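This report refers to the structure that appears directly beneath it.
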Amino acid sequence: MRVIISVTAATNYPKKVLSGDINPDFSLWLGLKDIGLGLALAQSAGAPIPLGAASQKMFALPGPWGRAHQDCTAMLHLFSDLSRRTSQKMILTRHFRGVYDMLDTTKEPKVNALLAKLNQALADQRIDQILTLFLKDCYWRDLVALTWNIKTMEGNAAVGEMLSAQLANAKPGNFMLHADRDVSDEDGVITAWITFETSVARCEGQMRMKDGKIWTLLTSIVELKGHEEPLGINRPSGAKHGSDGNGLTWKEQQKKERAEQGYTEQPYVVIIGGGQGGIALGARLRQLGVPAIIVERNERAGDSWRKRYKSLCLHDPVWYDHLPYLPFPSNWPVFTPKDKIGDWLEMYTKVMELNYWTRSSVTKAYFDEATQEWVVDVDRDGEKVSLRPKQLVFATGMSGKANVPNFPGQDVFTGDQQHSSAHPGPDGYEGKKVVVIGSNNSAHDICAALCENNVDVTMVQRSSTHIVRSESLIEHGLKPLYSEEALANGITTELADLTFASVPYAILPDFQKPVYDTIRAQDADFYSDLATAGFELDYGTDETGLFMKYLRRGSGYYIDIGASQLVIDGKIKLSNGRVSAITEDGIQLDDGTNLEADLIVYATGYGSMNGWVADIVDKKTADKVGKVWGLGSDTPKDPGPWEGELRNMWKPTQQEALWFHGGNLHQSRHYSHHLAMQLKARMEGIPTPVFGLQDVHHTG
Ligand SMILES: Cc1cc2nc3c(=O)[nH]c(=O)nc-3n(C[C@H](O)[C@H](O)[C@H](O)COP(=O)(O)OP(=O)(O)OC[C@H]3O[C@@H](n4cnc5c(N)ncnc54)[C@H](O)[C@@H]3O)c2cc1C
């Protein structure tokens, strides 16, 4: 016998039952007002099982919760008894915890018992007792909940150190199972979602338990008490019924604000750079009532994408790319063309009511120690404006500061030379010879577009590159969390982001390697063809693939959307070696090879974001803050020591009131929340004692 028990409306569930995906003997929906909806959905699902037959197996229990609880309990006992006697599985979709606990002796009670002990030990401020609940080799990743930092404590001792510093002030407590999320038990690891509070914030997280103790813990701030976002039932009214004193319409109010901000009123935050990062953060701050100006030198929001090479589409699929508050509509393409994402960002900037200054460049900034504020010089379309924010965010792009190599002879070359970020695309180069130096994402995309436009193109590969086919990456890397299937399984974007965040970086390679082992086996022929074509491949230092390379060095890979086949077929020519010199009509490699060129494209990547600080503030401050990005994994381009988190991203830096924001669309969406929380707390004067401010080991 199969019994399906669903608490709440289970909107997808009736469709699955009636389409035969799940075929229970009995189905019980426990809900109140949702029961009617559930049945209506069942009726409209086009059931191959006649509804009459199916409905005989359904039990709906309307009535007040207390009553429903009693009935459910009786019913569950009946079902579990039947289930036991017939040795058939009873499936509980969405549990009703009190009832579930009575029946399930394996998961929730274990978690609840541990949480009860944790709450008691926290209330007693007994760090020794708290530590007994953690494994010796545990990980606690905190996103601004207790540490006012983004910090992973690795091992029992590090957890103890953090608690000694933060416990008295943060006063975390009231840890409980998340009301809407299931507990899972797989391979001896129980995974549970939790909620809790600190003295100033409501928080959530995830706990993985092994052998009855905490193995990994993620704690993440949700909202500051008393400063909740006006969302959902708390959304603003919009209409102004009666008089509110100033009598301004929405439009007039917007105009007034635009005229005042930066002139008679100073913003609390200035964000340098209005790409997707600056825009997402700006939207979060707006929601939180933190006055901010985004300064963008381009003419229009979205130009940072529009100005990239013509053929570019996002490499990540739509489910991974949503911006905060406003997801892409369901007709949005899987891979967004660059001009389309540009338009979306422009629209988003408008509807989110951001103070977004276009044609504006930050030319200089310094921190005034006396007033504890920044002085930020802006050239606003020819007008000199001096802003005085308390906080300064660099959202200037981790793929923004072009790395242009210095080769002897660059001055004698008679053709064109461009960094990949300035390469417009193939137009005008038909029939010509182009050499692209580099073999990562941009190099491949640019070569493919040139090749398809009848350009004679050669890619120069200096060192090995990790390649993963886009389909394989989506199937094995992203689909479980970011896909239509994930959504159908109840994994919202927020839940997917938190799940992603829940794996500490120290053990992330263990999670990633099997993914890339599978891909490597599945795509063995593809890799073999590439190797035969002379392409030097790698799978990451420890064969952990693309995402680890991205985190460690932000480069060294290509997500294949077709260029690899052109390399295999010899349509994109390949040369392996280092450039020794640029000549009048081409380039010379260290093995003596000469490659003729009308255009040289340097697809040589981007520099660390603190380079922007050197340009805008000064070198001293850039060095004080140090390298941005990378984990300290001691792999190529990510020198040690181990940091445990991305350097300087979304968290306090060694320079007071200076922050970095950026990353891909997923990171920008997720971590803009945590950065916004830190800024909001400071604006509200909430104490934010930072634990574990990172040391600086590298200047850039
Ligand atoms: C070829 C390519 C493909 C990519 N594909 C993807 C993908 O598929 N999915 C994904 O998630 N990510 C992708 N990325 C990575 C990343 O998401 C993008 O680089 C993205 O543009 C980063 O957004 P950002 O806001 O951090 O920086 P940017 O988009 O670079 O924006 C920074 C902004 O700062 C402005 N600026 C800089 N200095 C100043 C100043 N002094 N004053 C005023 N304004 C200033 C610039 O004009 C620019 O608009 C890709 C990157 C590249 C290069």
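Inside segment 354-369, can you point out the residues that are more than 15 Å from the ligand (Cβ to nearest atom) and buried (at least 16 other Cβ atoms within 10 Å of the Cβ)?
Selection gives Phe367 alone.
Could you please let me know if Val567 is within 30 Å of Ala524 (Cβ to Cβ), β-branched (Val, Ile, Thr) and either touching a strand residue (DSSP E or B) at 6+ places or on another chain (Cβ under 8 Å) or not in a loop (DSSP other than H, G, I, E, B) (or both)?
Criteria met by Val567.
Looking at Gln667, Gln678, Gln694, which one is closer than 19 Å to Ala506 by Cα and part of a helix (DSSP H, G or I)?
One residue alone meets the criteria, Gln667.
Within segment 226-244, is even one residue touching a Lys or Arg at 6+ places or on another chain (Cβ under 8 Å), surrounded by fewer than 18 Cβ atoms within 10 Å (Cβ to Cβ) and not small (Gly, Ala, Ser)?
Checked segment 226-244: at least one residue is touching a Lys or Arg at 6+ places or on another chain (Cβ under 8 Å), surrounded by fewer than 18 Cβ atoms within 10 Å (Cβ to Cβ) and not small (Gly, Ala, Ser).
Output the residue which, of all residues in segment 622-653 that are crowded, with 21+ Cβ neighbours inside 10 Å and outside any loop (DSSP other than H, G, I, E, B), is nearest to the ligand (Cβ to nearest atom).
Applying the filter and picking the extreme gives Met649.
Of everything in segment 387-406, what is more than 8 Å from the ligand (Cβ to nearest atom) and either polar (S, T, N, Q) or crowded, with 23+ Cβ neighbours inside 10 Å (or both)? Give them in sequence order.
Those that are more than 8 Å from the ligand (Cβ to nearest atom) and either polar (S, T, N, Q) or crowded, with 23+ Cβ neighbours inside 10 Å (or both): Leu387, Gln391, Leu392, Val393, Phe394, Asn403, Asn406.
Could you grab me the full set of residues in segment 370-385 that are more than 9 Å from the ligand (Cβ to nearest atom) and hydrophobic (A, V, I, L, M, F, W, C)?
Residues satisfying the conditions are Ala370, Trp374, Val375, Val376, Val385.
Any idea which of Asp590, Asp615 is surrounded by fewer than 21 Cβ atoms within 10 Å (Cβ to Cβ) and within 16 Å of the ligand (Cβ to nearest atom)?
Result: Asp615 is the single residue among Asp590, Asp615 that is surrounded by fewer than 21 Cβ atoms within 10 Å (Cβ to Cβ) and within 16 Å of the ligand (Cβ to nearest atom).
Of the residues that make up segment 318-330, is at least one buried (at least 19 other Cβ atoms within 10 Å of the Cβ), near the ligand (Cβ under 9 Å from one of its atoms) and within 19 Å of the chain's Cα centre (by Cα)?
Yes, segment 318-330 contains a residue that is buried (at least 19 other Cβ atoms within 10 Å of the Cβ), near the ligand (Cβ under 9 Å from one of its atoms) and within 19 Å of the chain's Cα centre (by Cα).
I need the strands (runs of 3 or more DSSP E) fully contained in segment 212-296, keeping only those with at least 1 residues that are within 16 Å of the ligand (Cβ to nearest atom), among the aliphatic types (A, V, I, L, M) and under 23 Å from Val393 (Cβ atoms).
Because the criterion is at least 1 residues that are within 16 Å of the ligand (Cβ to nearest atom), among the aliphatic types (A, V, I, L, M) and under 23 Å from Val393 (Cβ atoms), the strands (runs of 3 or more DSSP E) in segment 212-296 that meet it are 269-272, 292-295.
Give the residues of segment 297-309 that are touching an Asp or Glu at 6+ places or on another chain (Cβ under 7 Å) and more than 8 Å from the ligand (Cβ to nearest atom), sorted by residue number.
Of everything in segment 297-309, those that are touching an Asp or Glu at 6+ places or on another chain (Cβ under 7 Å) and more than 8 Å from the ligand (Cβ to nearest atom) turn out to be Arg300, Ala301, Gly302, Arg306.
When you go through Gln410, Gln418 one by one, which is the residue that is in contact (Cβ under 8 Å) with a residue 60 or more places away in the chain and either away from the ligand (no atom under 16 Å from the Cβ) or under 30 Å from His674 (Cα atoms) (or both)?
Every option except Gln410 fails the conditions.
From the list Trp140, Trp148, Trp193, pick out the single residue that is surrounded by 22 or more Cβ atoms within 10 Å (Cβ to Cβ), touching a helix residue (DSSP H, G or I) at 6+ places or on another chain (Cβ under 9 Å), modelled with pLDDT of 95 or more and outside any strand (DSSP E or B).
Trp148
Please go through segment 342-357 and pick out each residue that is in contact (Cβ under 8 Å) with a residue 40 or more places away in the chain and farther than 17 Å from Leu281 by Cβ.
Gly342, Asp343
What is the residue count in segment 196-221 for residues that are out of contact with any helix residue (DSSP H, G or I) (no Cβ under 9 Å at 6 or more places or on another chain) and closer than 20 Å to Gln166 by Cα?
Qualifying residue count for the region: 5.
Quick test for you: out of Thr518, Thr499, Thr541, pick the one residue that is surrounded by fewer than 20 Cβ atoms within 10 Å (Cβ to Cβ), hydroxyl-bearing (Ser, Thr, Tyr), over 26 Å from Asp182 (Cβ atoms) and in contact (Cβ under 8 Å) with a residue 12 or more places away in the chain.
Thr541
Out of the residues in segment 151-175 meeting the condition of being among the aliphatic types (A, V, I, L, M) and surrounded by 16 or more Cβ atoms within 10 Å (Cβ to Cβ), tell me which one is nearest to Phe511 (Cα to Cα).
Residue satisfying both the conditions and the ranking: Met153.
Of these, Gly425, Gly431, which one is in the same structural domain as Leu530 (by TED's automatic domain parsing), assigned to a loop (DSSP other than H, G, I, E, B) and in contact with a Phe, Trp or Tyr (Cβ under 9 Å, 6 or more places away or on another chain)?
Only one candidate passes the filter, namely Gly425.
Residues to consider are Asp445, Asp497; find the one that is farther than 30 Å from Glu154 by Cβ and touching a Leu at 6+ places or on another chain (Cβ under 9 Å).
Asp445
For segment 654-680: of the residues being of a type in the set (A, V, I, L, M) and crowded, with 21+ Cβ neighbours inside 10 Å, which is nearest to the ligand (Cβ to nearest atom)?
Leu675
The values are calculated or read from the model by the stated rules, or taken from the named source; none is laboratory data. If you're wondering where the values come from, they're calculated on a predicted model, not measured in any experiment. Please note: Cβ atoms are built from the backbone with ideal geometry, for glycine as well, and neighbour counts cover all protein chains shown.
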